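Contents: one structure, followed by commentary.
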Amino acid sequence: MKKHSTKKTTSRYKKYRSQPEKPKRLWQWIIAIFIVGLFLIFFTGKRSLLKLYTLHQEKSNLLQQKEKLIEKKNRLSSEVKRLQNDSDYIEKIAREKFNMRKKNEEIYIIEKK
């Protein structure tokens, strides 16, 4: 029978001991691929989180613009009705915007210094 030397056995043991176990390395790769996949799903493409966030911001801005335009429309429609029915209001607008006057009326222009 041959006797094994302890030096060779211990060096082999150290060699195998220093290498990581293969199943553990396999799980690390699976987890890494899973994380990369999640990253690609959430941060790229048409339905990414970043795209959804920008679309949400754009939607809220458009809703605010819509509200402002509705208010402006209501103001203008009430002014149109007033211009159609109120002759005193028409006269006031004509005097203020177009510098018109009544017969026998004098206009004084005051300039700011």
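All of the numbers you see were taken from the coordinates with simple rules; none came from a lab. Predicted model, so just to flag it, every value in this text is computed and none were measured. When we count neighbours, we look across all protein chains shown, and the Cβ atoms used for this are built from the backbone with ideal geometry, even at glycine.
Remarks
- For the pair residue 63 and residue 42, a Förster radius of 25 Å applied to the C-beta separation gives a FRET efficiency near 0.45, rounded to the nearest 0.05.
- Positive minus negative residues near residue 53 (Lys, Arg vs Asp, Glu; Cβ under 15 Å): +3
- Backbone HN-Hα couplings from phi across region 98-113 [Karplus 6.51/-1.76/1.60, Hz, Gly and Pro as x]: 10, 6, 8, 9, 7, 5, 6, 10, 9, 10, 10, 9, 10, 8, 8, 8
- Across the alpha-carbon atoms of region 20-98, the computed radius of gyration and Dmax are 30.1, 94 angstrom.
- Taken as Cα centroids, region 22-38 and region 57-80 sit 53 Å apart, rounded to the nearest whole angstrom.
- Using the Karplus relation 6.51 cos²θ - 1.76 cosθ + 1.60 with θ = phi - 60°, the per-residue 3J(HN,Hα) values for region 23-30 come to x, 5, 5, 4, 5, 4, 5, 4 Hz, with x marking Gly and Pro.
- Debye, to nearest 20: dipole size of region 20-98, +1 on Lys, Arg Cβ, -1 on Asp, Glu Cβ: 440 debye
- The Cβ shell under 14 Å around residue 90 holds other residues with a net charge of +1, Lys and Arg each +1, Asp and Glu each -1.
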